[in-house]
1. Across bins of 10 angstrom width beginning at 0, how are the C-alpha pair distances of the stretch A:65-174 distributed, in whole percent?
2. Cα-Cα over 32 Å: which of A:Lys22/A:Lys178; A:Lys127/B:Lys184; A:Lys127/A:Lys184; B:Lys22/B:Lys127?
3. I'm checking a number: the convex hull volume of the Cα atoms of the protein assembly as shown, normalised per residue, in Å³. What is it?
4. Measuring label to label, 7 Å along Cα→Cβ, what does B:Asp108 give against each other copy in nm, shortest first?
5. Mind checking which chain A residue has its Cβ closest to the axis relating A to B, and how many whole Å off it is?
6. To the nearest 10 degrees, how steep is helix A:146-178 against the longest Cα principal axis of chain A, on a 0 to 90 scale?
7. Which of B:Leu80, B:Ala6, B:Val182 sits closest to the plus end of the dipole of chain B, meaning its Cα is farthest towards the positive end, when Lys and Arg get +1 and Asp and Glu get -1 on the C-beta?
8. With every protein chain present, what accessible area does B:Asp62 have (1.4 Å probe, heavy atoms only), rounded to the nearest 10 Å²?
Number of protein chains: 2
Amino acid sequence: MSLDYAILGFLNYHPYSGYDLKKIFDTTVQHFWSADQSQIYRTLARMTEQGLVDVEKIAQDDRPDRKVYHVTEAGRAALLDWLSEPPPMQANRSAPLIQVFFCGQLPDDDVLAKFEYVADLMREILKRYDQIPGQIDIHAPEIASPRERYFWLLTLDLGIRTMRANLEWAESVIEQIKNGQVPKA
Amino acid sequence: MSLDYAILGFLNYHPYSGYDLKKIFDTTVQHFWSADQSQIYRTLARMTEQGLVDVEKIAQDDRPDRKVYHVTEAGRAALLDWLSEPPPMQANRSAPLIQVFFCGQLPDDDVLAKFEYVADLMREILKRYDQIPGQIDIHAPEIASPRERYFWLLTLDLGIRTMRANLEWAESVIEQIKNGQVPKA
DNA sequence: CGCCTATATATGCATCGTCCTATATGATAT
DNA sequence: ATATCATATAGGACGATGCATATATAGGCG
């Protein structure tokens, strides 16, 4: 259901097509949410049936026709209701940590390589996060008010803080392996 | 597929039943993985067909019969192969952050209440993390080697670091709201 | 006697999510 | 000429997940 509200949230700023929404997801909220193209279309179809959004068909000469979606009053009400609810606290799920949990089975050299790989990935992700702020104007210029931008930057701030914590963790593990502080089997 | 390897990892320490595994998941790795009971049983059934595990039926007088699962050689090989692979970096998905992203729609008081609720939840989770170390002996005493414990504590360390970062973030947001630093619509 | 809890396994159902593929158009590159 | 890319929408197949429910045994409580 989260995708529903993410879509409603963006459509509440401005009408968009499924194709637009896919691009917006991939650029503005990609640090905490991803959306598959086919699922966006399917969700929009369902939400149209449910009366949460309206479709406006726009014919184009040079390109395929667009279906632009608008929030209805019901959709807007559903969004505001949901925003008022306590946040949907989900269970943490981290597949990589399953590897960490059991990787005592491997020799230290392999473990070290694994953590150095992870640390490099995290440094790259942090670099990518630095580039996000510039993208909201390009891909969702309708999110223009200082207040909207503020809350958007809050999510990015959390992403950066979390990723830094992860990186510090990985670096501390690397240190411990190099110093021979990992117990032997 | 992650659940497969988590199950293989535990069965590689010791044979367990589905019921045992459910309890172990809920106590030892609950800070980064949860498993539904029905899915554990279904996964064990599939893995038996695939030859990754073997079943041993144990009749009990006072209680229903148990089906205790053992890792096969193929299962052990699959586990070690997977542990050697680069960690399966998944997309971050955070439903609560969708609320944060769009909650500029709400008045500051509601936003403040939301973040105080989140901060309280995180403090509770941090308290719960403190109690995890004692539980591994009770619910999975077979994970006894210092090396295994070390990697297990690494996952807990990351959970604590991440949760602390989240809490600091929430507290900084609360400060900003109280100081009137959030832009008005 | 009925009810609840713990142990133990299993199925049904619906949703969510991802991957792959199909369809259609126009512009640009080789 | 052909290939590929960007735009634009959509369906099939499948796996993962979660919730509810069914079945069975034994013990404890009121």
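The values are calculated or read from the model by the stated rules, or taken from the named source; none is laboratory data. This structure is a prediction, so every number in the text was calculated from the model and none was measured. Positions of Cβ are backbone-derived with ideal geometry, glycine not excepted, and every protein chain shown enters the neighbour counts. Protein only, heavy atoms only, side chains kept; ligands, DNA and RNA dropped before computing areas. Shrake-Rupley method; radii C 1.70, N 1.55, O 1.52, S 1.80 Å.
1. Percent of Cα pairs in each bin: 10, 27, 28, 20, 11, 3.
2. Values: A:Lys22/A:Lys178 44 Å; A:Lys127/B:Lys184 30 Å; A:Lys127/A:Lys184 36 Å; B:Lys22/B:Lys127 22 Å.
Too far apart for the 32 Å limit: A:Lys22/A:Lys178; A:Lys127/A:Lys184.
3. Numbers: hull volume 66.5 nm³, N = 370.
So the per-residue hull volume is 180 Å³.
4. 5.5
5. Taking Cβ atoms only, the nearest residue and its distance are A:Ala165, 2.
6. Once rounded, one gets 20 degrees.
7. Farthest towards the positive end: B:Val182.
8. Looks like 130 Å² after rounding.
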